[in-house]
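Chemist: To start, I am sharing the structure in question, which I have written as structure tokens.
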Amino acid sequence: MRDLVSRALDTASQQGAAYADTRVVERRAESITVRNQNVEGLTADESLGFGVRVIVDGYWGFAGSYRMTPEEADRVAAKAVAIARASARAGGPRADIGPPEVHVDTYRTPFRIDPFAVSLDDKIALLLRVNEAMMKVKSIVMAESNVYYQREKKTFGSSEGSFIEQDLVETGCGIGATAVDEGEVQQRSYPNSVGRHQGTEGWEFVERWDLAGNAPRVADEAAALLTAKPCPVGVTTVILDGSQLALQVHESCGHAVELDRVLGTEAAYAGTSFLTTDKLGNFRYGSDAVNLTADATIPGGLGTFGYDDEGVLAQSTPLVSSGLFVGYLTSRETAASLGQHSNGAMRAHDFNRIPLIRMTNVSLEPGEWTLADLIAATDDGIYMETNRSWSIDQRRLNFQFGTELAREIKNGKLGDLVKNATYAGMTPQFWGSCDAVCNRDHRVVWGTPNCGKGQPEQIAHTGHGAAPARFRNVQVGLMK
Amino acid sequence: MLPGETQLKDFADRVLAMSQAEQTEVLLFSSHSALTRFANSYIHQNVEDTSVEVSVRAVTGKKIGVAGTNMLSDESLRAVVERAATLAAHQRENEDFQSLPAPQPVSRVDAWVQRTAAFGPDDRARVVAAICDAARNAKVTAAGAFRTSASEVAVANSLGVFAYHRETNADINTTMMSPDSSGYAARLSMDVNDVDGPTLAAEAIDKCLRSANPVSLEPGVYDVILEDYAASDILDYLAYLGFGAQPYQEKRSFMSGRLGEQIAGENVTIWDDGLSPETIPMPFDFEGVPKRRVELITNGVANGVVYDSYYGGKEGKPSTGHALPAGATYGPLPSNLFLKAGDTATDDMLASIERGIWVSRFWYTRPVHPLKVIVTGMTRDGTFLIEKGKITAPIKNLRFTQSYIDALNQVEMISRQTRLMPGMIGVSRVPSLKVKSWNFSGATEF
């Protein structure tokens, strides 16, 4: 790989690039999905390719290819330079990526059990066993269980002298049961919805989440939701479980602090952000209980790595400190525009995509409460668990979420099951109403393997540490 | 330069010859894609890539394994064939699986425009520069993306199927922004000559300027005009949640158990037709089965769903040619949707509304209740108050929470003009709609 990287960088420089970087990405992934006792998805995929990113006369160009030959390295590097020259046609400011970043290093995900080494028969047997347990429950029309694991070897070189090799492993798993009766459909998922929960770990991740032990409960809850009370309509106290809170953090904080959005470069698609640069350091984002951090070094987090795709070292950055907005997720170019140094948030979906500012592990820092004490200290409200739907406006202000399961809270105790629960709000007001966060014992770094952004669209894998938290005066029950 | 039909056929034959499985399918994608992205009225991202994908489905008895690669050496191909066979060997028998499809005649459809395939970075930059110049002249800011692509797909199997198709796409959108407003315009075509930067810019600038100084409006139930950009979202979610055989068979679809029933207004007719010249045609699916026109909802009556060979086999029905690539677990989906045009001019739709809302576009829509097709989302890029048949003020964006099935029972007028747009899967051709009693459940600050 070193030869191809060097060749592409040399060609780019010879063609006129003032800056160039090359990433080679080799990925291997396997996925097993069991639906209704059939192994409907059993796939193994591999890919290899490289991309060359350049700045020529202050303008960006990028080209990528799957052909791993020296001649193709020359062609692709020259193409990237030609594209950069075309970029100049529309004018605009010249790119400034700040001072050089030079690292020569390797990074490897620590893991205990290589997921590719675990017997395929054992994996399938586990998923079938889990599926069977869910299908035993009356009203379940669809049971799905899946595992996914990937290994990605990235080689990064830059014209500034960086050469970084990373070996990144991820493993994920999930189960879901769907119950249908009399015009109603209800679903329960575990450990998380929208497919699966995932981390930068080995097969030990799947073992720890104990799919088999949770399958009967998941199916029972889906069936029970069919006849549950509808979500009340009104303004009340809400306690969100950690997984729902993780998505709340992702949507209303993580995307809002991406500095490329703030500066307008995602305006036509993903949108911008209400957290404009004049608010940095003086805007009250939430209550004193709200502390949010972007940390790419959390062991096992799905947004954990050694270096980002600009070759910047992984690091931890405060975003919201005791409710005050204090930091962005940045790239070299966007950080330089604020006179800052990149905090290493640039990642690309694959070899043929440019890096964009993506969340690392954007987390709500834990508080002091136990969940039992928090519920006991809540006279009236709703406990909501596991995301079912999510939507937020393009400046990350007005949001509406739905959860798979909810329960009434009456006089400090969990009460009746509630179905079709929804809540909505405006981001600063919502986080301003947070008056309690549960402690470290309840915290999980939830993996979100499906974060879309950019054109052509890229899917990022992000992590979000969260423990349950309580919010006052929340609008609930918005489904017509 | 893409490989072309002869080379892909040779390639598929080589892969099939390597396989010892009882049945083998090979799916080949090859593409050359470029995208110029602009924001703050200049180009900030400009990319191009050349890609290939090979996917092999090996079948032994009723056991199936799928493996893929983008490495094309004989060694890599042999490895991927062996991996698919190994996965199949570890599989359980799937009693619902019958066979890979047998060969059927496939129509040739023309979806290739050479000038689109040859369109280069300087050509794209010229179009984008015209849009940015128009923005500067109007004292607004331009953002957007212009993608051109040329791609090929070939499917072959050991029963004798071989199908090949190539297509070009030119897909552009722009959002024009002032400090408190925005306007959107987009075009999709096989032919890049259909993309005219100044015309596109003018449409978005007009909407942006007209939506400046928006006022707040209380959420509630309003009659609406959904421009085609917004109305396409209805087709997307109907397709995703209910027009495929998988949710239909699992009783998770609004179509389940309701074929032959009136589920929408009599003025609503929806179909899928991959062969129509009014779409970006694709003559076969990813199993090589020819696409059939499928009447989904006819005059409001639930008429049918789409099938691949697997889900069709479960009901003893033929595939309608709507398979996704092997390994996908969503089941078959429509990819060339049409909502039948009406006979109303958009101005007449506007004139008919006493008090309502004009919606240019929806954003971040997500299902809240799949069976009832209740969806929430935001308005974006031009939302206006209608009073006494006229637009009287731009309004700040609203959140809606609305059953799309209920909405299809409340369509009062349909425009005669339609627009081709990218869908969640494939493309769709949609008119603008006047819908009674749309539920807006919240509001934002801009």
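The values are calculated or read from the model by the stated rules, or taken from the named source; none is laboratory data. These numbers come from a predicted model, not from an experiment. Using ideal geometry, Cβ is built from the backbone for each residue, glycine included, and neighbour counts are taken over all protein chains shown.
Chemist: What number of residues within the range A:95-118 satisfy the criterion of being of a type in the set (A, V, I, L, M), within 26 Å of A:GLY41 (Cβ to Cβ) and surrounded by 13 or more Cβ atoms within 10 Å (Cβ to Cβ)? Write out each step before concluding.
Modeler: Taking the range A:95-118 first, the residues of a type in the set (A, V, I, L, M) are A:95, A:97, A:102, A:104, A:113, A:117-118.
With within 26 Å of A:GLY41 (Cβ to Cβ) added as a condition, the list becomes A:113, A:117-118.
Next, from what is left, pick out any that are surrounded by 13 or more Cβ atoms within 10 Å (Cβ to Cβ): A:113, A:118.
Residues flagged as of a type in the set (A, V, I, L, M), within 26 Å of A:GLY41 (Cβ to Cβ) and surrounded by 13 or more Cβ atoms within 10 Å (Cβ to Cβ) within the range A:95-118 amount to 2.
Chemist: Here's a follow-up. Return the residue satisfying two criteria in turn: it lies in the range B:106-148 and is of a type in the set (Ser, Thr, Tyr) and within 23 Å of the chain's Cα centre (by Cα), and of such residues it is nearest to A:ARG89 (Cα to Cα). Lay out the reasoning, then the answer.
Modeler: Kept after step one, since they are of a type in the set (Ser, Thr, Tyr), are these residues of the range B:106-148: B:107, B:116, B:141, B:148.
Okay, now just the ones that are also within 23 Å of the chain's Cα centre (by Cα), so B:107, B:116, B:148.
On the way: B:SER107: 42, B:THR116: 20, B:THR148: 18 Å.
Out of the qualifying residues, it is B:THR148.
Chemist: Is it the case, given these coordinates, that B:ASP194 is among the acidic types (Asp, Glu), surrounded by fewer than 19 Cβ atoms within 10 Å (Cβ to Cβ) and under 30 Å from A:ALA125 (Cα atoms)?
Modeler: Working: among the acidic types (Asp, Glu): yes; surrounded by fewer than 19 Cβ atoms within 10 Å (Cβ to Cβ): yes; under 30 Å from A:ALA125 (Cα atoms): no.
The answer is no for B:ASP194.
One line per residue, one yes/no per condition, for (1) at pLDDT 95 or above; (2) more than 30 Å from A:GLU333 (Cα to Cα); (3) at the interface with chain A (Cβ under 10 Å from one of its Cβ atoms):
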| position | (1), (2), (3) |
| --- | --- |
| B:VAL26 | yes, yes, no |
| B:PHE29 | yes, yes, no |
| B:THR69 | yes, yes, yes |
| B:LEU87 | no, yes, yes |
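Chemist: Another question, if that's okay. Which residues, taken from the range A:358-375, are buried (at least 24 other Cβ atoms within 10 Å of the Cβ) and either among the polar types (S, T, N, Q) or within 14 Å of another protein chain (Cβ to nearest Cβ) (or both)?
Modeler: Selection gives A:THR360, A:ASN361, A:SER363.
Chemist: If you don't mind, another one. Give just the number: which of (1) crowded, with 23+ Cβ neighbours inside 10 Å; (2) under 29 Å from B:ILE172 (Cβ atoms) does B:VAL26 not satisfy?
Modeler: Checking B:VAL26 against (1) crowded, with 23+ Cβ neighbours inside 10 Å; (2) under 29 Å from B:ILE172 (Cβ atoms), the one that fails is (2).
Chemist: Also, I was wondering about something else. What pairs can you find where one residue is in the range A:70-96 and touching a residue at least 12 places away in the same chain (Cβ under 8 Å), the other is among the aliphatic types (A, V, I, L, M) and surrounded by fewer than 20 Cβ atoms within 10 Å (Cβ to Cβ), and their Cβ atoms are less than 8 Å apart, with a gap of 6+ or different chains?
Modeler: A:PRO70/A:LEU4; A:ALA73/A:LEU4; A:ASP96/A:ALA336
Chemist: Output the residues belonging to the range B:208-256 that are part of a helix (DSSP H, G or I) and surrounded by fewer than 21 Cβ atoms within 10 Å (Cβ to Cβ). Step through it out loud before you land on a result.
Modeler: Step one: of the range B:208-256, the residues part of a helix (DSSP H, G or I) are B:208-210, B:228-242, B:245-249.
Hits for the range B:208-256 are B:LEU209, B:ARG210, B:TYR240, B:GLN249.
Chemist: I'd like the full set of residues that are among the acidic types (Asp, Glu) and without any contact (Cβ under 8 Å) to a residue 40 or more places away in the chain, limited to the range A:408-454. Give the steps one after another, and end with the answer.
Modeler: From the range A:408-454, those among the acidic types (Asp, Glu) are A:408, A:416, A:435, A:441; that's our starting set.
Within the range A:408-454, none qualify.
Chemist: Then there is this: So in the range A:216-237, with the set limited to residues that are of a type in the set (Val, Ile, Thr) and assigned to a strand (DSSP E or B), which one is farthest from the other protein chains (Cβ to nearest Cβ)?
Modeler: Here is the first cut: in the range A:216-237, the ones of a type in the set (Val, Ile, Thr) are A:218, A:227, A:233, A:235-237.
Next, only the ones that are assigned to a strand (DSSP E or B) stay: A:235-237.
Details: A:VAL235: 13, A:THR236: 16, A:THR237: 19 Å.
Checked the range A:216-237; the qualifying residue farthest from the other protein chains (Cβ to nearest Cβ) is A:THR237.
Chemist: Please work out which one of (1) within 11 Å of chain B (Cβ to nearest Cβ); (2) of a type outside the set (Asp, Glu); (3) not in a strand (DSSP E or B) is the condition A:TRP60 fails and give its number.
Modeler: With (1) within 11 Å of chain B (Cβ to nearest Cβ); (2) of a type outside the set (Asp, Glu); (3) not in a strand (DSSP E or B) applied to A:TRP60, the lone miss is (3).
Chemist: Of the numbered conditions (1) surrounded by fewer than 24 Cβ atoms within 10 Å (Cβ to Cβ); (2) assigned by TED's automatic domain parsing to the domain that holds A:PHE325; (3) in contact with a Lys or Arg (Cβ under 9 Å, 6 or more places away or on another chain), A:GLY264 satisfies every one except a single condition; which is it?
Modeler: Single failed check for A:GLY264: (3).
Chemist: Which of the residues belonging to the range B:405-430 are in contact with a helix residue (DSSP H, G or I) (Cβ under 6 Å, 6 or more places away or on another chain) and in a strand (DSSP E or B)?
Modeler: In the first step, residues of the range B:405-430 are kept if they are in contact with a helix residue (DSSP H, G or I) (Cβ under 6 Å, 6 or more places away or on another chain); the result is B:413, B:415, B:419, B:421, B:423-424, B:428, B:430.
Answer for the range B:405-430, where residues must be in contact with a helix residue (DSSP H, G or I) (Cβ under 6 Å, 6 or more places away or on another chain) and in a strand (DSSP E or B): B:MET413, B:SER415, B:ARG419, B:MET421, B:SER428, B:VAL430.
Chemist: Let me confirm something: among A:SER13, A:SER47, which residue is of a type in the set (Ser, Thr, Tyr) and crowded, with 18+ Cβ neighbours inside 10 Å?
Modeler: A:SER47
Chemist: Sticking with this one: Would you please name the residue that is nearest to the other protein chains (Cβ to nearest Cβ), looking only at residues in the range A:376-391 that are among the charged types (D, E, K, R) and closer than 17 Å to A:ASP241 by Cα? Step through it out loud before you land on a result.
Modeler: Step one: list which residues in the range A:376-391 are among the charged types (D, E, K, R), which gives A:379-380, A:385, A:388.
Narrowing the set further to residues that are closer than 17 Å to A:ASP241 by Cα leaves A:380, A:385, A:388.
Details: A:ASP380: 23, A:GLU385: 16, A:ARG388: 8 Å.
Looking at residues that are among the charged types (D, E, K, R) and closer than 17 Å to A:ASP241 by Cα, I get A:ARG388.
Chemist: Now for a different question. Counting only residues that are farther than 14 Å from B:VAL195 by Cα and among the β-branched types (Val, Ile, Thr), which one in the range B:116-145 is surrounded by the fewest Cβ atoms within 10 Å (Cβ to Cβ)?
Modeler: Going through the qualifying residues, I end up with B:THR141.
Chemist: Any residue in the range B:272-279 that is under 18 Å from the mean Cα position of the chain (by Cα), outside any loop (DSSP other than H, G, I, E, B) and closer than 21 Å to B:ASP110 by Cβ?
Modeler: Start the filter on the range B:272-279 by keeping residues that are under 18 Å from the mean Cα position of the chain (by Cα), which leaves B:272-279.
Keeping just the survivors that are outside any loop (DSSP other than H, G, I, E, B) gives B:272.
Next cut, closer than 21 Å to B:ASP110 by Cβ only: B:272.
Yes - at least one qualifying residue is present in the range B:272-279.
Chemist: Out of the range A:119-141, which residues are surrounded by fewer than 14 Cβ atoms within 10 Å (Cβ to Cβ) and assigned to a loop (DSSP other than H, G, I, E, B)?
Modeler: If the condition is that a residue be surrounded by fewer than 14 Cβ atoms within 10 Å (Cβ to Cβ) and assigned to a loop (DSSP other than H, G, I, E, B), then A:SER119, A:LYS136, A:LYS138 are the ones that fit.
Chemist: Which is surrounded by 22 or more Cβ atoms within 10 Å (Cβ to Cβ), part of a strand (DSSP E or B) and not β-branched (Val, Ile, Thr), of B:ALA12, B:ALA88, B:ALA58, B:ALA84? Spell out how you get there, then give the answer.
Modeler: On the way: B:ALA12 fails: part of a strand (DSSP E or B); B:ALA88 fails: part of a strand (DSSP E or B); B:ALA84 fails: part of a strand (DSSP E or B).
Exactly one of B:ALA12, B:ALA88, B:ALA58, B:ALA84 is surrounded by 22 or more Cβ atoms within 10 Å (Cβ to Cβ), part of a strand (DSSP E or B) and not β-branched (Val, Ile, Thr), namely B:ALA58.
Chemist: Within the range A:392-402, is there a residue that is away from chain B (no Cβ under 14 Å), touching a helix residue (DSSP H, G or I) at 6+ places or on another chain (Cβ under 7 Å) and assigned to a strand (DSSP E or B)? Full working, then the answer.
Modeler: Quick first cut of the range A:392-402, residues away from chain B (no Cβ under 14 Å) only: none.
There is no residue in the range A:392-402 that is away from chain B (no Cβ under 14 Å), touching a helix residue (DSSP H, G or I) at 6+ places or on another chain (Cβ under 7 Å) and assigned to a strand (DSSP E or B).
Chemist: Further question: Could you tell me whether the range A:67-88 includes any residue that is of a type in the set (S, T, N, Q), in contact with a strand residue (DSSP E or B) (Cβ under 8 Å, 6 or more places away or on another chain), within 11 Å of chain B (Cβ to nearest Cβ) and in a strand (DSSP E or B)? Steps first, please.
Modeler: If we filter the range A:67-88 for residues that are of a type in the set (S, T, N, Q), which is where we start, we get A:69, A:87.
Then keep just the ones that are in contact with a strand residue (DSSP E or B) (Cβ under 8 Å, 6 or more places away or on another chain); that gives A:87.
Next, from what is left, pick out any that are within 11 Å of chain B (Cβ to nearest Cβ): A:87.
Imposing the further condition that a residue be in a strand (DSSP E or B) reduces the set to none.
Within the range A:67-88, none of the residues are of a type in the set (S, T, N, Q), in contact with a strand residue (DSSP E or B) (Cβ under 8 Å, 6 or more places away or on another chain), within 11 Å of chain B (Cβ to nearest Cβ) and in a strand (DSSP E or B).
Chemist: Additional query: Which members of the range B:90-101 meet the condition of being of a type outside the set (Ser, Thr, Tyr) and within 14 Å of B:THR24 (Cβ to Cβ)? Walk me through how you get there before you give the answer.
Modeler: Keep residues of the range B:90-101 that are of a type outside the set (Ser, Thr, Tyr), which gives B:90-98, B:100-101.
Matches in the range B:90-101: B:LEU100, B:PRO101.
Chemist: Specify the residue that is surrounded by the fewest Cβ atoms within 10 Å (Cβ to Cβ); the eligible residues are those in the range B:31-51 that are hydrophobic (A, V, I, L, M, F, W, C) and either more than 7 Å from chain A (Cβ to nearest Cβ) or without any contact (Cβ under 8 Å) to a residue 40 or more places away in the chain (or both). Can you show your working first?
Modeler: The first filter runs over the range B:31-51 and keeps only residues hydrophobic (A, V, I, L, M, F, W, C), leaving B:34-35, B:38-39, B:43, B:47.
Narrowing further to those that are either more than 7 Å from chain A (Cβ to nearest Cβ) or without any contact (Cβ under 8 Å) to a residue 40 or more places away in the chain (or both): B:34, B:47.
Working: B:ALA34: 23, B:VAL47: 26.
So the residue we want is B:ALA34.
Chemist: Say whether the condition of being without any contact (Cβ under 8 Å) to a residue 60 or more places away in the chain and within 14 Å of another protein chain (Cβ to nearest Cβ) is met by at least one residue in the range B:131-150. Walk me through how you get there before you give the answer.
Modeler: Looking only at the range B:131-150, we keep the residues that are without any contact (Cβ under 8 Å) to a residue 60 or more places away in the chain, and these are B:133, B:137, B:139.
From the residues that got through so far, the ones that are within 14 Å of another protein chain (Cβ to nearest Cβ) too are B:133, B:137.
Yes - at least one qualifying residue is present in the range B:131-150.
Chemist: Now for a different question. Given the residues B:VAL113, B:VAL81, B:VAL56, which is the only one that is under 30 Å from B:PRO198 (Cβ atoms), in contact with a Ser or Thr (Cβ under 9 Å, 6 or more places away or on another chain) and more than 9 Å from chain A (Cβ to nearest Cβ)?
Modeler: Numbers: B:VAL81 fails: under 30 Å from B:PRO198 (Cβ atoms); B:VAL56 fails: under 30 Å from B:PRO198 (Cβ atoms).
The unique qualifying residue is B:VAL113.
Chemist: Okay, moving on. What pairs come out if I take residues in the range B:152-168 that are part of a strand (DSSP E or B) and pair them with residues that are β-branched (Val, Ile, Thr) whose C-beta lies under 6 Å away, six or more apart or interchain?
Modeler: Pairs found: B:ALA156/B:VAL26; B:ALA163/B:VAL106; B:ALA163/B:VAL155; B:HIS165/B:VAL153; B:THR168/B:VAL113; B:THR168/B:THR116.
Chemist: Moving to a separate point now. So for the range A:148-155 (the condition being among the hydroxyl-bearing types (Ser, Thr, Tyr), more than 31 Å from the chain's Cα centre (by Cα) and not in a helix (DSSP H, G or I)), does at least one residue qualify? Talk me through it step by step, then tell me what you get.
Modeler: Applying the first criterion (among the hydroxyl-bearing types (Ser, Thr, Tyr)) to the range A:148-155 yields A:148-149, A:155.
When the remaining residues are screened for being more than 31 Å from the chain's Cα centre (by Cα), the result is none.
Checked against the condition, which is being among the hydroxyl-bearing types (Ser, Thr, Tyr), more than 31 Å from the chain's Cα centre (by Cα) and not in a helix (DSSP H, G or I), the range A:148-155 yields no hits at all.
Chemist: Still on this structure, please answer the following. Criterion first (surrounded by 23 or more Cβ atoms within 10 Å (Cβ to Cβ) and either of a type outside the set (D, E, K, R) or touching a helix residue (DSSP H, G or I) at 6+ places or on another chain (Cβ under 7 Å) (or both)) does A:ALA80 satisfy it?
Modeler: yes
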